[in-house]
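I have placed the structure first, in the form of structure tokens, so that the comments after it can refer back to it.
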Amino acid sequence: MFVSFEGPEGAGKSTVLAEVATRLRATGRKVVTTREPGSGEFGMKIRELLLHGADMTPPAELFLFLADRAQHVATVIQPALNEGKLVLCDRYVDSTFVYQSVTRGLDPDFVSRANRFATDGLMPKTTILFDLDPEIGLARVTKKDRLDGQPLSFHKCVRQGFIDLAKCEPDRWVVIDASQSLGTVIDQVWDIVSRVSGA
């Protein structure tokens with residue numbers, strides 16, 4: 001079972017993912033938590049470039065994300081799924097589509113094909129969108145990286161991009177109001193993941 005967590009900056013994905021994983025493990029489930037970019041030594045080097053490196057062109061940014069994803073799927077996600085584990089991933093293909101196509105303006109068909117190539121077609125069963133006003137999210141971020149530091153208009157475009165994707169695939173996406181209290185969001189996500197994973 002594969003569940004991805006998506007949303008704008010500062011929406012609380014990482015915190016909620018960690019708490020839900022703890023609850024799942026308490027029930028005896030084998031859980032792998034991971035993220036993009038930055039899983040493993042290979043991913044960490046790419047993460048450093050993407051989040052803390054110099055400015056780069058949109059195509060260069062795209063291909064770095066795709067390189068990270070191809071390695072991530074082959075060495076972390078797919079092996080875990082093959083072993084019957086539940087995989088919770090902080091960002092996946094939808095982030096790349098929103099950030100690199102919707103927001104950076106790269107060709108959507110190409111980005112979609114490139115994502116499929118990098119993942120060998122692997123998609124999450126469920127994707128949880130942490131929807132949040134970007135002004136609230138950015139105010140929560142204490143250490144801003146290269147993407148956090150983009151103009152507010154960029155982050156508003158990111159939010160709308162996620163909302164539009166969720167509307168296109170309602171069977172895969174579940175939208176959570178991330179402006180609620182942390183405890184409420186954790187409980188809601190726990191209910192979703194428990195239901196879809198049979199925990």
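Rule-based calculations on the coordinates, nothing more; no lab input. Keep in mind that this is a model prediction, so the values were computed, not measured. Here the Cβ is made from the backbone with ideal geometry for all residues, glycine too, and neighbour counts use every protein chain on show.
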> Within the range 2-194, how many Lys pairs sit with Cα atoms under 21 Å apart, leaving out pairs fewer than 8 places apart on the same chain?
Replying inline: 16
> Could you give the nm distance between label points at S194 and A18, where each point is 7 Å from its Cα heading toward the beta carbon?
Replying inline: 2.2 nm
> Each residue of the range 29-44 in order: what ³J(HN,Hα) in whole Hz does its phi give by Karplus 6.51 cos²θ - 1.76 cosθ + 1.60, θ = phi - 60°, with x for Gly and Pro?
Replying inline: 6, 8, 10, 10, 9, 8, 8, 9, x, x, 8, x, 4, 4, x, 5
>> Can you compute the charge dipole magnitude of the chain about its Cα centre, using +1 on each Lys and Arg Cβ and -1 on each Asp and Glu Cβ, nothing else charged? Give it in debye, rounded to the nearest 20.
In response: 480 debye
> In percent, what relative contact order does the chain have, based on Cα pairs under 8 Å that are 6 or more apart in sequence?
Replying inline: 35 percent
> Cβ under 15 Å from N115's Cβ, N115 left aside: what net charge do those residues give with Lys, Arg +1 and Asp, Glu -1?
Replying inline: -3
> Based on the Cβ-Cβ distance of F117 and K156, what FRET efficiency does E = 1/(1 + (r/R0)^6) give at R0 = 30 Å, to the nearest 0.05?
Replying inline: 0.50
>> Between (1) 13.0; (2) 10.4; (3) 14.3, which entry matches mean projected area of the Cα convex hull in nm² as derived from the coordinates of this structure?
In response: (2)
> If r is the Cβ-Cβ distance from Q180 to D145 and R0 is 30 Å, what FRET efficiency results, to the nearest 0.05?
Replying inline: 0.75
> By the scheme Lys and Arg +1, Asp and Glu -1, what is the net charge of all other residues having a beta-carbon under 12 Å from that of R172?
Replying inline: -2
> In nm, to one decimal, how far is the modelled label at D164 from the one at M56, with both set 7 Å along Cα→Cβ?
Replying inline: 2.4 nm
